[in-house]
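Enquirer: Input: one structure, supplied below.
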Amino acid sequence: PAQAQTPQINFDRAMLSFSGTTAYCYVQISANHNKDISATIKLWDGSQYIETWQENATSSLSFSESVPVQRGRSYTLTVDYSVAGKPMPSLSSSGTC
């Protein structure tokens, strides 16, 4: 007999927030069946990245970091990642301090 498949909901996300002159970077990525996750996370000030992190995990990657920034400038958090070696769509979040 045929069985209904549960739809897979993607909760992967990148979030960038500010408090005073501090940027808070948060990334959450999940993978099914204990698959390996590899991520390159960058915080950009315009067209130049000011911080970069390499993160690896199995099944679930949770990342948070705070970075000093300048008031009035716009920043973007980007995440390029792969699951089990397969490139996934990039994540990003932008905001102004």
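Enquirer: For a quick check, take a GNM of the chain with Cα springs below 10 Å and name the residue from 58, 40, 21 with the largest mean-square fluctuation.
Expert: 21
Enquirer: Using θ = phi - 60° and the Karplus curve 6.51 cos²θ - 1.76 cosθ + 1.60, what whole-Hz ³J(HN,Hα) does each residue of segment 62-76 get, with Gly and Pro shown as x?
Expert: Couplings: 10, 10, 8, 7, 10, 9, x, 9, 9, 4, x, 9, 9, 10, 9 Hz.
Enquirer: Can you list the residues, at least 5 places off or on another chain, whose amide H is less than 5 Å from the amide H of residue 21, using H built in the peptide plane?
Expert: none
Enquirer: Given points 7 Å out from each Cα along the Cα-Cβ axis, report the residue 70 to residue 92 separation in nanometres with one decimal.
Expert: So the two model labels end up 2.1 nm from each other.
Enquirer: Further question: Please get the size of the charge dipole for the chain, origin at its Cα centre, with Cβ charges of +1 on Lys and Arg and -1 on Asp and Glu, quoted in debye to the nearest 20.
Expert: Working: 6 positive and 7 negative charges, 33 e Å.
Roughly 160 debye, rounded to the nearest 20.
Enquirer: Enumerate the calculated ³J(HN,Hα) couplings along segment 33-50 in order (Karplus 6.51 cos²θ - 1.76 cosθ + 1.60, θ = phi - 60°), each rounded to whole Hz, writing x wherever the residue is Gly or Pro.
Expert: Karplus-based 3J(HN,Hα) across segment 33-50 equals 6, 6, 7, 6, 10, 10, 9, 10, 10, 10, 10, 10, 10, x, 9, 10, 8, 10 Hz.
Enquirer: Which of the following values of P(r) over Cα pairs in 5 Å bins from 0, in percent was calculated from the structure shown: [x] 3, 13, 23, 20, 14, 11, 7, 4, 2, 1, 1, 0, 0; [y] 3, 12, 21, 25, 21, 13, 5, 1; [z] 3, 11, 16, 14, 14, 11, 10, 8, 7, 5, 2, 1?
Expert: [x]
Enquirer: Between residue 58 and residue 17, take the C-beta separation as r, use R0 = 41 Å, and let me know the FRET efficiency to the nearest 0.05.
Expert: Taking R0 as 41 Å, the efficiency between residue 58 and residue 17 is 0.90.
Enquirer: Of the chymotrypsin sites (Phe, Trp or Tyr not before Pro) in segment 7-97, which ones lie in a loop per DSSP and count no more than 14 other C-beta atoms within 10 Å?
Expert: Of the chymotrypsin sites (Phe, Trp or Tyr not before Pro), the ones in loops of segment 7-97 whose Cβ has at most 14 other Cβ atoms within 10 Å are 11.
Enquirer: What does the net charge come to around residue 51 if you take all other residues with beta carbon closer than 9 Å to its beta carbon, with K and R at +1 and D and E at -1?
Expert: Once positives and negatives cancel, what remains is 0.
Enquirer: What residues have an amide H closer than 5 Å to that of residue 35, excluding those fewer than 5 places away on the same chain, when H is modeled at 1.01 Å from N in the peptide plane?
Expert: Excluding prolines and chain starts, which carry no amide H, the hits are 59.
Every number here is computed from the coordinates shown, using simple stated rules; none is lab data. Note that the structure is a prediction, hence the values are computed from the model and not measured. With ideal geometry, Cβ positions are generated from the backbone for all residues, glycine too; neighbour counts draw on all protein chains shown.
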